[in-house]
Amino acid sequence: MSGQELLSTYELSLEDFQQEFDPKIFIQKLTSPLFSLATDDKKNDDAKDFDPRPYQQLFENAIDQLHVLRQQVDEDIRGLIANTKMAENDHKAQLKELNSKFHMILHKFQHLDQRISKVSHTAVRTGQQLESVDQNRRKTNDGKRTIRQFLEFNTGKKDKIDPIFRGESSDNQLAKAARQIQKLKKIADEIQSDKTSKATALIHETAKSI
């Protein structure tokens, strides 16, 4: 096989440079076919003086292939750079969109918080109003009950008065009766009228027995 045939069959590839590169090993690998050919020529007694032309052609061919590989690598690098820029742009666009959504959600949350706060204040005011209404209702009911009980006492008949004043209730009701009789006693003392004399007498009598 001639040197020209060796040159036409030897192909460089990126795989030759993917591992840790050693220039010495690379040159040996590149020129080893020529050395093998020279050794065969000597064995056949056809050896001539050293001819550098095959080596020149070999290295020129290798340089041409390296240029092609370099262009391929440059093209791959440009492609990677372009893809990286596209990815960066997409990432920036996504961040911008997320930031916009975050501010929108924050605004809605603040608006919702304000509405909740407003509803809370309204609920508090409503609760206070309901409590006031309930207090007024209890006072009204207490007033009605006190008037009814006073009128019952004004009949002068023990069997007409509220059972809680006749000792027919529990201990809890007895304490309530004691508080209520003191209220009725105060009212009777303030009125001091002939028309309420029966109530005054029976209330004082009942207060002593409770």
Q | Sole residue being under 30 Å from Ile203 (Cβ atoms) and at pLDDT 90 or above, chosen from Gln71, Gln94, Gln149 | A | Gln149
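Conditions (1) at pLDDT 75 or above; (2) within 25 Å of Leu14 (Cβ to Cβ); (3) in contact with a Phe, Trp or Tyr (Cβ under 8 Å, 6 or more places away or on another chain), marked per residue:
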{"site": "Phe26", "(1), (2), (3)": "yes, yes, no"}
{"site": "Lys29", "(1), (2), (3)": "yes, yes, no"}
{"site": "Ser36", "(1), (2), (3)": "no, no, no"}
{"site": "Lys42", "(1), (2), (3)": "no, no, no"}
{"site": "Asp45", "(1), (2), (3)": "no, no, no"}
{"site": "Phe50", "(1), (2), (3)": "no, no, no"}
{"site": "Arg53", "(1), (2), (3)": "yes, no, no"}
{"site": "Leu58", "(1), (2), (3)": "yes, yes, yes"}
{"site": "Gln65", "(1), (2), (3)": "yes, yes, no"}
Q) Being of a type in the set (Val, Ile, Thr), assigned to a helix (DSSP H, G or I) and under 30 Å from Gln182 (Cβ atoms), is that true of even one residue in the stretch 116-134? A) yes
Q: Have a look at Thr155, Thr126, Thr140, Thr200 and point out the one that is among the polar types (S, T, N, Q), modelled with pLDDT of 85 or more and open to solvent by less than 50 Å² (accessible area, probe 1.4 Å).
A: Thr200
Q.
Return the residues of the stretch 186-197 that are crowded, with 16+ Cβ neighbours inside 10 Å and under 19 Å from Asp159 (Cα atoms); say none if nothing qualifies.
A. Thr196
Q: Would you mind telling me which numbered condition in (1) in contact (Cβ under 8 Å) with a residue 24 or more places away in the chain; (2) open to solvent by 100 Å² or more (accessible area, probe 1.4 Å); (3) among the aliphatic types (A, V, I, L, M) Leu98 fails?
A: (1)
Q: Scan (1) touching a residue at least 40 places away in the same chain (Cβ under 8 Å); (2) open to solvent by 60 Å² or more (accessible area, probe 1.4 Å); (3) part of a helix (DSSP H, G or I) for the single condition Gly167 breaks and write down its number.
A: (3)
Q: For the stretch 75-87, indicate whether the set of residues that are surrounded by 10 or more Cβ atoms within 10 Å (Cβ to Cβ), farther than 30 Å from Leu12 by Cα and among the hydrophobic types (A, V, I, L, M, F, W, C) is non-empty.
A: yes
Q | Test set (1) crowded, with 17+ Cβ neighbours inside 10 Å; (2) more than 13 Å from Ile203 (Cβ to Cβ); (3) of a type outside the set (Gly, Ala, Ser) - Arg179 fails condition number | A | (1)
**Q.** The lone exception for Thr146 - which of (1) of a type in the set (Ser, Thr, Tyr); (2) open to solvent by 60 Å² or more (accessible area, probe 1.4 Å); (3) touching a residue at least 24 places away in the same chain (Cβ under 8 Å) it fails
**A.** (2)
Q. Can you tell me how many residues in the stretch 173-210 are β-branched (Val, Ile, Thr) and on the phi > 0 side of the Ramachandran plot?
A. 0
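The values are calculated or read from the model by the stated rules, or taken from the named source; none is laboratory data. Quantities reported herein were computed from a predicted structural model and do not represent experimental measurements. Please note: Cβ atoms are built from the backbone with ideal geometry, for glycine as well, and neighbour counts cover all protein chains shown. Just so you know, the surface numbers come from the protein's heavy atoms only, side chains and all, with ligands and any DNA or RNA stripped out. Shrake-Rupley method; radii C 1.70, N 1.55, O 1.52, S 1.80 Å.
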